1. Please work out the FRET efficiency for the pair K119 and A228, using the Cβ-Cβ distance as r and a Förster radius of 22 Å; give the result to the nearest 0.05.
2. Sorted by packing (mean other beta-carbon atoms within 10 Å per residue), highest first, where do 99-106, 67-74, 26-33 land?
3. Write down the percent of antiparallel bridges among all DSSP beta bridges whose residues are both part of region 2-257, to the nearest 5.
4. How much of the DSSP beta bridge set in region 1-145 is antiparallel, as a percent to the nearest 5?
5. How much mean residue ellipticity at 222 nm does the chain get from its helices, if each DSSP H run of length 4 or more adds -39500 (n - 2.57) and you divide by all residues, to the nearest 500 deg cm²/dmol?
6. Below 11 angstrom from the Cβ of S171, what's the summed charge of the other residues (Lys, Arg +1; Asp, Glu -1)?
7. Give me, ordered by chain and number, the residues 5 or more places off A46 or on other chains with an amide H under 5 Å from its own placed amide H.
8. Work through the residues other than G244 whose Cβ is under 15 Å from its Cβ and net out their charges, Lys, Arg +1 and Asp, Glu -1.
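All of the numbers you see were taken from the coordinates with simple rules; none came from a lab. Just so it is clear, the model here is predicted, and its values are computed rather than measured. Cβ atoms come from the backbone with ideal geometry, glycine included; neighbour counts cover every protein chain shown.
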Amino acid sequence: MKLQWLGTAGFKVEVGDRVFLIDPYLSRNAQARPVQSMQPAEIAGAGQIFITHGHFDHLHDVPAIMASGSSTVYCSETAAATLMREGVDGSRITTVGSDGFAANFGAYRAEAFFSRHVKFDIPLVARTLWRIGPRYRRLSGMHRGYPVGQVLSWRFTIGGYTMHHFGSGGSPPEELERLAAHPPDLLLVPLQGHSHICDIAFEYVRVLRPRMVIPHHQDDFYPPISTAVDVSPFVKKVRENFPGTEVKIMAINETITL
């Protein structure tokens, strides 16, 4: 299996000759760092696209990706409505309406679990509004056009290997404890959306006990809405408390083989 980080919460996964995408978001403005030069047509050959929630930084580029290929998308009803508004044929969308939804694709199995979005804390909101300043009215329209909807986390089983992807870090303890009954080999955990996000992400590791963890969504993907997150406190805490868990920091568009 090959795993490529596309920036934000986006990943491209290759399993033999099968390719699928998770939250593929490529759009950037001139100030974004790191720079993402990849275009939607470059990943249009994917068979399936799995979406965790409807915010623009998870969903915006899906119509362009689908326009250049024959992908099908799996998402919540809210995200499906946004995609159809943007011109995606509804016959290419499968809505996930139940916790524990599962589908087999031959080379791999995908399961969706109901999750929650991280709650933006007041200090983070205040710092974000200060950065945006008079541009608030223009930039906030992007958020209003992409409602979050039901948040999903996705577990993929490839052979005997399991990978669990979260697009946002709002999982309550009972959700993580239920998923911990079958610990994943690889945890893809987001570090964005809260002043104490490193502590929040560490809790995912503490409960789920993966063999490997890859933090994502820490990049400055759309300033001034976003800002880069220093993941070093998270890395340090994991390595000190769970030395058996490998922490991998990926560069944008880097591909690793698992």
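1. Efficiency, rounded to the nearest 0.05: 0.60.
2. Answer by packing, highest mean first, reads 67-74, 26-33, 99-106.
3. That works out to approximately 60 percent antiparallel.
4. Beta bridges within region 1-145, antiparallel portion: roughly 60 percent.
5. Value at 222 nm, helices only: -7500 deg cm²/dmol.
6. -2
7. Placed amide hydrogens put nothing under 5 Å from A46.
8. Local net charge: +3.
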